[in-house]
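> Let me give you the structure first, and then I'll get to my questions.
Here, each number is a calculation from the coordinates, and none is a lab measurement. Values in this document were obtained by computation on a predicted structure and should not be read as measured data. Heads up, the Cβs are rebuilt from the backbone with ideal geometry, glycines too, and the neighbour counts pull from every protein chain shown.
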Amino acid sequence: MGEKIKKIVKTIKVDLDQCNGCRSCEIACAAYHANPRYSNFNPARARIRMHINETNDEWIAIRSTDYTKAECDGRRRYTIGGREFHDCSFCGTICPSRDIFFEPDSGLPLKCDMCESDPPLEEPMCVQICSRNALTYHEEEVEVDAAEQEEEKQPSDMDIGLQRFVDVYGFDKLLDTVARMSQKG
Ligand code: SF4
Ligand code: SF4
């Protein structure tokens with residue numbers, strides 16, 4: 001049996017009954033991740049987005065998860081309280097079937113990083129700003145296999161950005177670009 005280590009699992013719970021669709025969470029996320037910090041408040045740059053469908057009375061805050069270049073089949077429907085929801089309503093995957101979670105200028109994927117920073121925040125920004133307590137932060141200590149944990153290391157923004165570049169332009173173009181940039185110094 002492999003070595004076990006302790007790990008803190010961080011989650012943000014969403015209470016749909018409390019959310020009023022104010023979109024403050026989008027603005028707080030975009031501002032916190034702007035460079036320099038708080039220099040931009042454009043919700044299109046947020047890693048959390050409100051999915052709003054007024055006809056169906058849907059107000060759902062979705063945090064972005066992993067980037068993929070492929071669409072899923074998207075054919076699932078859920079009935080909750082007599083209303084029917086499409087699976088995209090709850091999905092945080094950064095995929096080509098929607099134009100959310102892509103940085104509007106560069107087209108690079110914007111993955112939620114739980115506001116990891118040094119020093120760490122007590123709670124992620126979207127949770128702090130939500131005056132309705134629709135978003136709540138939770139930590140749980142779990143025991144995991146050390147080797148599996150090593151394999152599961154989360155990709156950085158840089159890893160995800162390079163993957164997106166390769167998906168759009170191809171690997172050869174990436175190598176050409178790096179070669180040109182290194183020549184310029
Ligand atoms: S800040 Fe809270 S209430 Fe406002 S949209 Fe986000 S989750 Fe909903
Ligand atoms: S946890 Fe941080 S990065 Fe993730 S959606 Fe909330 S504010 Fe954005």
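> First measure r as the distance between the Cβ atoms of Asp145 and Glu54, then evaluate 1/(1 + (r/R0)^6) with R0 = 41 Å and state the FRET efficiency to the nearest 0.05. Don't skip to the answer; put the middle values down first.
On the way: r = 46 Å, r/R0 = 1.12.
So, using R0 = 41 Å, E works out to roughly 0.35.
> So which lysines can Lys10 reach, going by Cα to Cα under 16 Å and dropping same-chain residues fewer than 8 places off?
Straight-distance partners of Lys10: Lys111, Lys153.
> Hey, which aspartates and glutamates would be in cross-link range of Lys69, C-alpha to C-alpha under 16 Å, not counting anything within fewer than 8 residues on its own chain?
Once the sequence-local aspartates and glutamates are set aside, what remains near Lys69 is Asp99, Glu103, Asp157, Asp159, Asp167.
> Determine ³J(HN,Hα), in whole Hz, for all residues of the range 6-20 in sequence, where each value follows from phi through the Karplus function 6.51 cos²θ - 1.76 cosθ + 1.60 and θ = phi - 60°; x replaces Gly and Pro.
Whole-Hz 3J(HN,Hα) from phi for the range 6-20: 8, 9, 8, 9, 9, 9, 10, 8, 10, 9, 4, 5, 8, 5, 10.
> Kindly express, to the nearest 10 degrees and within the range 0 to 90, the angle between helix 171-184's C-alpha long axis and the longest C-alpha principal axis of the chain.
60
> Continuing with this model, one more query. Given H placed 1.01 Å from N in the peptide plane, which residues other than close sequence neighbours of Leu108 have an amide H under 5 Å from its amide H?
Glu103
> Follow-up. Would you kindly enumerate the cysteines in the chain that have no other Cys beta-carbon under 4.7 Å from their beta-carbon?
Cys19, Cys22, Cys29, Cys72, Cys88, Cys91, Cys95, Cys112, Cys115, Cys130
> Calculate how many DSSP beta bridges within the chain are antiparallel, expressed in % of all such bridges and rounded to the nearest 5. Provide the component values of the computation, followed by the final result.
Values: 22 of 23 bridges.
Bridges in the chain that DSSP calls antiparallel: roughly 95 percent.
> Follow-up question, since we're still on this one. With Kirkwood's inverse mean 1/r over C-alpha pairs for Rh, give me the Rg to Rh ratio of the chain, two decimals please.
On the way: Rg = 18.7 Å, Rh = 18.7 Å.
Result: Rg/Rh = 1.00.
> Sequence neighbours fewer than 8 away in the same chain don't count; with that in mind, list the aspartates and glutamates whose C-alpha is under 17 Å from Lys6.
Once the sequence-local aspartates and glutamates are set aside, what remains near Lys6 is Glu139, Glu140, Glu141, Glu143, Asp145, Glu148, Glu150, Glu151, Glu152.
> Helix-derived [θ] at 222 nm for the chain: sum -39500 (n - 2.57) over DSSP H runs of at least 4, divide by residue count, nearest 500?
Details: 5 runs with 48 residues, N = 185.
One gets -7500 deg cm²/dmol as the mean residue ellipticity at 222 nm.
> When the Karplus curve 6.51 cos²θ - 1.76 cosθ + 1.60 is applied with θ = phi - 60°, which whole-Hz ³J(HN,Hα) does each residue of the range 156-169 get, with x for Gly and Pro?
With coefficients 6.51, -1.76 and 1.60, one gets 7, 4, 5, 4, 5, x, 5, 4, 4, 4, 5, 4, 7, 10 Hz.
> Lys7 versus Thr177, label points 7 Å from Cα toward the beta carbon: distance in nm?
3.1
> What is the helix-to-structure angle for 24-33, meaning the angle in degrees between its Cα long axis and the longest Cα principal axis of the chain, kept from 0 to 90 and rounded to the nearest 10?
20
> So, one more: Which of these, Gly82, Gly161, Gly74, has the largest mean-square fluctuation under a Gaussian network model of the chain (Cα springs below 10 Å)?
Gly82
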